[in-house]
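Accompanying notes for the structure given below.
The values are calculated or read from the model by the stated rules, or taken from the named source; none is laboratory data. Only a predicted model underlies this, so the values are computations on that prediction, with no experimental measurement involved. Here the Cβ positions follow ideal geometry from the backbone for every residue, glycine too, while neighbour counts run over all protein chains shown. To get the accessible areas, we keep the full protein, side chains included, count just its heavy atoms, and leave off ligands, DNA and RNA. Shrake-Rupley method; radii C 1.70, N 1.55, O 1.52, S 1.80 Å.
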Amino acid sequence: MELLCCEVDPVRRAVRDRNLLQDDRVLQNLLTIEERYLPQCSYFKCVQKDIQPYMRRMVATWMLEVCEEQKCEEEVFPLAMNYLDRFLAGVPTPKSHLQLLGAVCMFLASKLKETSPLTAEKLCIYTDNSIKPQELLEWELVVLGKLKWNLAAVTPHDFIEHILRKLPQQREKLSLIRKHAQTFIALCATDFKFAMYPPSMIATGSVGAAICGLQQDEEVSSLTCDALTELLAKITNTDVDCLKACQEQIEAVLLNSLQQYRQDQRDGSKSEDELDQASTPTDVRDIDL
Amino acid sequence: MSEPAGDVRPNPCGSKACRRLFGPVDSEQLSRDCDALMAGCIQEARERWNFDFVTETPLEGDFVWERVRGLGLPKLYLPTGPWRGRDELGGGRRPGTSPALLQGTAEEDHVDLSLSCTLVPRSGEQAEGSPGGPGDSQGRKRRQTSMTDFYHSKRRLIFSKRKP
């Protein structure tokens, strides 16, 4: 008798739908509707009085940490940040509510994207029990109301497969490029500078930065970085100069975040507990620029 | 609560990510702010749809509301669904007080509560160009808004059946 023993991923995921990915109308529709889901203004200037940019970074870093630890799907974190930014663009909020809002946004994004979503109880534990599950559920309704129940926002992840399949890439490098691009997207979501950029531009810039970064060590693309940027710009109808600038910003954020991480490491294990390791997503720690 | 079998997510207890970011949280202020924002949402919806979602009553305005019976809604959409009791996803109970939008008249047949709304054109205006309620920036998109969140709705144009 032959027995087969294998580990099965307990999370059920849909396979990539070729009908959707190979139809250009899908990409065009995503490009048409993506702007609807951008926050309406740069809220630190015009709406918020109590909340400062560094607080958004703090709550974003914490949310990323929670999402990574809970092995959330990649889209959950950027989607949650989109909810948070859209809420803050409309509602003046005291900083003491910010962590609760972050938890609510992860709760909603996880429900939308995952087969078995994060529970309210777990999220409350992550706030060090500073909020109760019931408060989270009440605020869930408030956030839903303020977002007008428009939860299916377009995120940079929606574009990744569409972009990748149009690049002249060796198949075996694709998963590495995808992984790095996803990490760049998470990094962008932690930084407010990117909050008002169209998701397609962040996606294109992230793929560009991923390929150019990998290119230094090994041949992953037959194109030069400049030729690649031009091709990428065409795919998502982005202006080449804007895209270049965006890609440079993404690389700068990575560099910054790596330096921060190395600094933290040098500071030794003593302070490790207090420092936010997750300000650098785990996967980019291996990247060298 | 016990985790469902096969949960791959780690237990957060003791994790470094468990921390308060901005000091103490005032529960009472949270609850006050929640009620105020919720009231704002309900008021906005009330003006937009000329419908009181708390008492489930139609009001004067652009839309004519009428009861729809016998829709044959699948059981899933009837108010005996799981969200009335234990919330499987969130694990907790829906709070009883503030989310007025979710408070139906519990024992009534939901089908009886199903309403259809009809946009009535204002005099001297094209129905399609009719602006939204006060402060409503999305007025132009109105025709595309669906109300399936709470009510099965269908909409068609009626040409001024109502009083002038």
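Taking the Cα centre of chain A as origin and charging only Cβ (+1 Lys, Arg; -1 Asp, Glu), how large is the dipole, in debye to the nearest 20? Mind dumping the intermediate values first?
On the way: 32 positive and 44 negative charges, 195 e Å.
Value, rounded to 20: 940 debye.
Given Cβ point charges of +1 (Lys, Arg) and -1 (Asp, Glu) and nothing else, what value in debye, to the nearest 20, does the dipole of segment A:103-142 about its Cα centre take? Don't skip to the answer; put the middle values down first.
Working: 4 positive and 6 negative charges, 29 e Å.
About 140 debye.
For segment A:154-250, what is the charge dipole size about the Cα centre, in debye to the nearest 20, if Lys and Arg each add +1 at the Cβ and Asp and Glu each add -1 at the Cβ?
With only Lys, Arg, Asp and Glu charged at Cβ, the dipole is about 280 debye.
What's the FRET efficiency of B:Arg46 with A:Leu174 using the Cβ-Cβ distance as r and R₀ = 45 Å, to the nearest 0.05? If you can, show how the numbers build up before the last one.
Details: r = 51 Å, r/R0 = 1.14.
The formula returns an efficiency of 0.30 here.
Buried on complex formation within segment B:19-48 (loss of at least 50 square angstrom of accessible surface versus the isolated chain, 1.4 Å probe, ligands and nucleic acids ignored): B:Arg19, B:Arg20, B:Leu21, B:Phe22, B:Val25, B:Leu30, B:Cys34, B:Leu37, B:Cys41.
When the C-alpha to C-alpha distance is required to be over 22 Å, the pairs from A:Lys113/A:Lys244; A:Lys111/A:Lys146; A:Lys113/A:Lys193; A:Lys45/A:Lys95 that qualify are A:Lys113/A:Lys244; A:Lys113/A:Lys193. In this structure, A:Met196 and A:Arg18 have a Cβ-Cβ separation that, at R0 = 41 Å, corresponds to a calculated FRET efficiency of about 0.80. When the charge dipole of chain A is built from unit charges on Cβ atoms (+1 for Lys and Arg, -1 for Asp and Glu) and taken about the Cα centre, the candidate among A:Thr115, A:Phe44, A:Phe192 whose Cα reaches farthest toward its positive end is A:Phe44. Under a 5 Å amide H cut-off, with hydrogens placed 1.01 Å from N, B:Leu59 pairs with B:Phe51, B:Asp52 among residues at least 5 apart or on other chains. Between B:Asp35 and A:Glu218, the simple spin-label model (points 7 angstrom out along Cα→Cβ) gives 6.2 nm.
Let me have the relative contact order for segment A:154-250, percent, based on Cα pairs under 8 Å that are six or more residues apart. If you can, show how the numbers build up before the last one.
On the way: 97 pairs, mean separation 33.3, N = 97.
This gives 34 percent for segment A:154-250.
Each chain gives up part of its surface: A and B jointly bury about 4400 Å² of accessible area, both sides summed, for a 1.4 Å probe. Built from the Cα atoms of chain A, the convex hull projects on average onto 18.6 nm², one quarter of its surface area.
Give the accessible surface of segment A:1-82 per residue, rounded to a whole number of Å², with probe radius 1.4 Å and ligands, DNA and RNA excluded. Show your work: numbers first, answer last.
Working: 5520 Å² over 82 residues.
Per-residue accessible area for segment A:1-82 comes out at 67 Å².
Taking Cα atoms only, the orientation of helix A:133-146 departs from the longest principal axis of chain A by about 60 degrees.
Among the residues of segment A:87-127, those with an accessible-area drop of 30 Å² or more from chain alone to full protein complex, heavy atoms and 1.4 Å probe, are A:Lys95, A:Ser96, A:His97, A:Gln99, A:Lys111, A:Pro117, A:Thr119, A:Glu121, A:Lys122, A:Ile125, A:Tyr126.
Working from Cα pairs under 8 Å separated by at least six residues, relative contact order for chain A is 19 percent. As a fraction of the 1.4 Å probe accessible area of segment A:89-247, surface on carbon and sulfur atoms comes out at 50 percent.
Using C-alpha pairs under 8 Å with a sequence gap of at least 6, the mean separation divided by the residue count of segment A:38-145 gives a relative contact order of 29 percent.
If you fit an axis through the alpha-carbon atoms of helix A:199-215 and take the longest principal axis of the Cα set of chain A, what angle between them do you get, 0 to 90°, nearest 10? The angle comes out at about 50 degrees. Taking all protein chains as they are arranged and a probe of 1.4 Å, the heavy atoms of A:Leu231 leave approximately 50 Å² accessible to solvent.
Axis of helix A:98-113 versus longest Cα principal axis of chain A: the two differ by about 50°, to the nearest ten degrees.
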